[in-house]
Amino acid sequence: MLNPRSDYARPFEAPSYLPPVTMPAVRASLGGRTVAYLLDILFILGFSALLWVAIAFLGVVTFGLGWALFAVLPASGVIYSAITVGGLRQSTLGMRMMGLRVVAPETGRPVDLITAAVHALLFYVAISTFLLWFVDLAFGLVRSDRRLGHDVLLGLAVVRAG
């Protein structure tokens with residue numbers, strides 16, 4: 001006879017709707033990650049445009065008070081990444097198109113919302129200056145698992161979803 005409470009004894013396992021990732025998994029190539037990022041730039045542009053329209057409308061409705069939310073607009077890339085990578089599919093729309101997802105490398109567990117946001121923030125900080133971008137990329141070129149510097153700092157890996 002099955003014990004209905006047996007699921008409560010395993011609180012740290014990955015949800016059953018996600019395929020488990022057994023490590024070592026097939027890591028994502030740097031080329032695949034680059035193409036996924038280029039696709040994500042287009043999606044972030046669309047997300048920012050929708051956000052801009054929503055804030056403009058909210059500002060009209062609230063007689064100008066809502067326009068203070070335009071300060072959030074520069075963080076739209078981080079918000080987009082946090083929502084998508086921290087969501088059920090563990091990947092941005094560009095990553096999904098390239099067949100990639102972000103996981104914890106040892107366990108294959110999904111990434112939470114805050115870690116996904118910090119991951120995106122570190123990436124955008126690194127890509128904003130040549131020296132930091134070069135160091136971040138050098139990690140991926142030197143390491144056999146192709147994890148970039150911001151992946152290593154947060155203990156994450158980008159793997160093939162499959």
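The values are calculated or read from the model by the stated rules, or taken from the named source; none is laboratory data. This structure is a prediction, so every number in the text was calculated from the model and none was measured. Positions of Cβ are generated from backbone atoms using ideal geometry, with glycine treated the same way; all protein chains shown enter the neighbour counts. Only protein heavy atoms, including side chains, enter the accessible area calculation; ligands, DNA and RNA are left aside. Shrake-Rupley method; radii C 1.70, N 1.55, O 1.52, S 1.80 Å.
Below, the figures for the structure above:
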{"read-out": "Solvent exposure, largest accessible area first (probe 1.4 Å, DNA, RNA and ligands not counted), of Leu39, Leu148", "value": "Leu39, Leu148"}
{"read-out": "Solvent-accessible area, 1.4 Å probe, carbon plus sulfur percent, for the stretch 19-162", "value": "77 percent"}
{"read-out": "Cβ crowding within 10 Å averaged over residues, with 58-67, 110-119 ranked highest first", "value": "110-119, 58-67"}
{"read-out": "Radius 13 Å from Cβ of Val103, net charge of other residues (Lys, Arg +1; Asp, Glu -1)", "value": "+2"}
{"read-out": "Probe 1.4 Å, accessible area per residue of the stretch 48-123, Å²", "value": "53 Å²"}
{"read-out": "Formal net charge of residues neighbouring Arg33 (Cβ-Cβ distance under 15 Å; K, R +1; D, E -1)", "value": "+3"}
{"read-out": "Solvent-accessible surface ranking, highest first, for Ser128, Ser48 at 1.4 angstrom", "value": "Ser128, Ser48"}
{"read-out": "Length-normalised contact order of the stretch 68-111 in % [C-alpha pairs under 8 Å, at least 6 apart]", "value": "28 percent"}
